[in-house]
Every structure is written in C-alpha cells, then in structure tokens.
Amino acid sequence: DPILAARGLVKSYGASPALRGVTLDVAAGEIVAVTGPSGCGKSTLLHCLAGILRPDAGEVTYRDQRVDLLAEAARSRLRRSEFGVLFQFGQLVAELTAAENVALPLLLAGTRRPAARTAALTWLDRLGVADLAGKRPGEMSGGQQQRVALGRALVTEPRVLFADEPTGALDTLAGEQVMGHLVRLARAQDTTVVLVTHEPRIAGYADRELVMRDGEIVTAAMAAAR
Ligand code: ADP
Ligand code: ADP
C-alpha cells in the first residue's frame, strides 16, 4: 500500500488552474522528485499533499486518513506529528541559535527543554554542523542554514518529509551537501520524501521522478541509480 496517495487533485487560484487532476502514489520509504518548469504547479501539489492547502477537488490520503477532509486544526496536528517540511530558504527564526531552532518543534510538541536540547545537538552533529549550535542564522552561510533547517524538519522523526526547492537558493556544492544529508538521513530512519525541484541534478537523488507540465503529471521516469 502507498503511504501517500493523491487522486484527481484540482486546485485553482481564482480563475487560473494550478492543478488539473493530479493522481500519484508514493510508497513508504520512497524518495520521489516532482519536477517541471516554474509555474507548472509543483509547489501547489506539495502543499496539497502536506495538508497546507486544501484542494478544490480530488483526494489526498495519508495511510488511512483523508487529509483533504480534515479540518485545519487536525491537518495542523498531522503536519506536526507525522510530516516534516523544508522550504527554499529563510525559514529559521533569526533571533534563535541553531540549537534553539532545531529544538523548537520538539518544544512545541511538549518535549522538556533538556531533552529537546540534547536531540537538537544530536541532529546538528549528524548534519556536520555541531560547531554552529550557538550561532544565529545571520552568522551562517546559506548551506549551513539549510542544514540546520533540515535538522529542524527531521528532529521530530517525521514519516514523510516534504521539501520545496530545498537547494534553490544554494550554490552547486552547498546544494549537493544538503541533498546528500537529506537522502542519507531519510534512508536511515525510513522517512518517505516528496521533493520539488526544477533542477535535473537534484532530481537525480530521488528513486523516481514525476514530471509536471501545466498542472498535470506528464511522465513518471525512474531517476538514476541510488
Ligand atoms: P511551481 O511550484 O511549479 O512554480 P506553483 O504551484 O507555485 O508552481 O504555481 C502554479 C500556478 O499557480 C502558477 O501559475 C502560479 O502563478 C499560480 N499561483 C501559485 N500560488 C498562487 C497564489 N497564492 N495566488 C495566485 N496564483 C498562484
Ligand atoms: P513557495 O513554496 O511557493 O515559495 P512559500 O514557501 O512562501 O511558497 O509558502 C507557501 C505556503 O506554505 C504559505 O501558505 C505558507 O504559509 C506555508 N508555509 C511556509 N513555510 C511554512 C512552514 N515552515 N510550515 C508550514 N507552512 C509553511
């Protein structure tokens, strides 16, 4: 059974359709890349799958739950407990240190401060940025900030990680480092990944590539070997 499925997703902003009937299945533990040109609907699809946006029509199923039918409070709870999100850039809290940023989702979930701090330091270490624990985002490079953001997305050990252009603001080397960590850590804890990117090189990290055009999936291609 797929862990995540979409059936006939339709979503419009005013009169202009962003999704025109998207159907897909994602298997547990799979890393799927959604690619296609700017404006084809990738972000809208990701936001519908992650329960951030509600589709106008169609179904999103996570395990046995119809995500599209949940009220906002329940979708928010699902996102906090089962999903992790990683966006393009600038999502860290500027006033908090790296360790505090990574600990934040655990504190919001009710974990006590010492345990949250220990977990945050463990994740920073796994991401090769343990030395940044006491630094604020403004003192880090873009690649370092994205590694900290990845730690914040993974610290709750989500079943599914949604990543929207996670390397889009980074240079080639920093992007490859972030993707290397993302894939390694997702595999290590069997986290399913849905990744949106317009860069073929980044899609090459996935097990499978779904290509979109004008609000539809046009081809499903196997990416290069793992
Ligand atoms: P992609 O991620 O592939 O760049 P998006 O899902 O962001 O595509 O956008 C798909 C289409 O929907 C585009 O035409 C875009 O301009 C439009 N769109 C996206 N978000 C909004 C919004 N909040 N309001 C109006 N139009 C939007
Ligand atoms: P895009 O992916 O098109 O660049 P944004 O990243 O600006 O768009 O965010 C699009 C939507 O996702 C907005 O509705 C925003 O509120 C929501 N969003 C952005 N960041 C987060 C986050 N860290 N957690 C939950 N929702 C978010």
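The values are calculated or read from the model by the stated rules, or taken from the named source; none is laboratory data. Values in this document were obtained by computation on a predicted structure and should not be read as measured data. Cβ atoms come from the backbone with ideal geometry, glycine included; neighbour counts cover every protein chain shown. Accessible surface is based on the protein model in full, side chains and every heavy atom, while ligands, DNA and RNA are left aside. Shrake-Rupley method; radii C 1.70, N 1.55, O 1.52, S 1.80 Å.
So, of the residues in the range 161-177 that are open to solvent by 40 Å² or more (accessible area, probe 1.4 Å) and in a helix (DSSP H, G or I), which turns out to be farthest from ligand 2 (Cβ to nearest atom)?
To start, the set of residues in the range 161-177 that are open to solvent by 40 Å² or more (accessible area, probe 1.4 Å) comprises 169, 171-173, 176-177.
Still in the list and also in a helix (DSSP H, G or I): 172-173, 176-177.
Working: T172: 21, L173: 23, E176: 21, Q177: 21 Å.
Here the answer is L173.
Look at the range 37-63 and say how many of its residues are more than 9 Å from ligand 1 (Cβ to nearest atom), open to solvent by less than 40 Å² (accessible area, probe 1.4 Å) and at positive phi.
Count: 2.
Go over the candidates P105, P158 one by one and state the one that is closer than 23 Å to V183 by Cα and either within 16 Å of ligand 1 (Cβ to nearest atom) or not in a helix (DSSP H, G or I) (or both).
P158
Scanning the range 194-204 for residues that are open to solvent by less than 60 Å² (accessible area, probe 1.4 Å) and more than 16 Å from ligand 2 (Cβ to nearest atom), which turns out farthest from A149 (Cα to Cα)?
For the range 194-204, the residue satisfying everything is G204.
When both residues are 6+ apart or on different chains and their Cβ atoms are under 9 Å apart, which pairs have a first residue that lies in the range 184-197 and is within 16 Å of R208 (Cα to Cα) and in contact (Cβ under 8 Å) with a residue 60 or more places away in the chain, and a second that is assigned to a helix (DSSP H, G or I) and of a type in the set (S, T, Y)?
Matching pairs, first to second residue: V196/S43.
Show the residue pairs meeting these rules: Cβ distance below 8 Å; 6+ apart or different chains; first residue within the range 28-45 and touching a residue at least 40 places away in the same chain (Cβ under 8 Å) and over 21 Å from T61 (Cβ atoms); second residue among the β-branched types (V, I, T) and within 15 Å of ligand 2 (Cβ to nearest atom).
The qualifying pairs are T35/V196; T35/T197.
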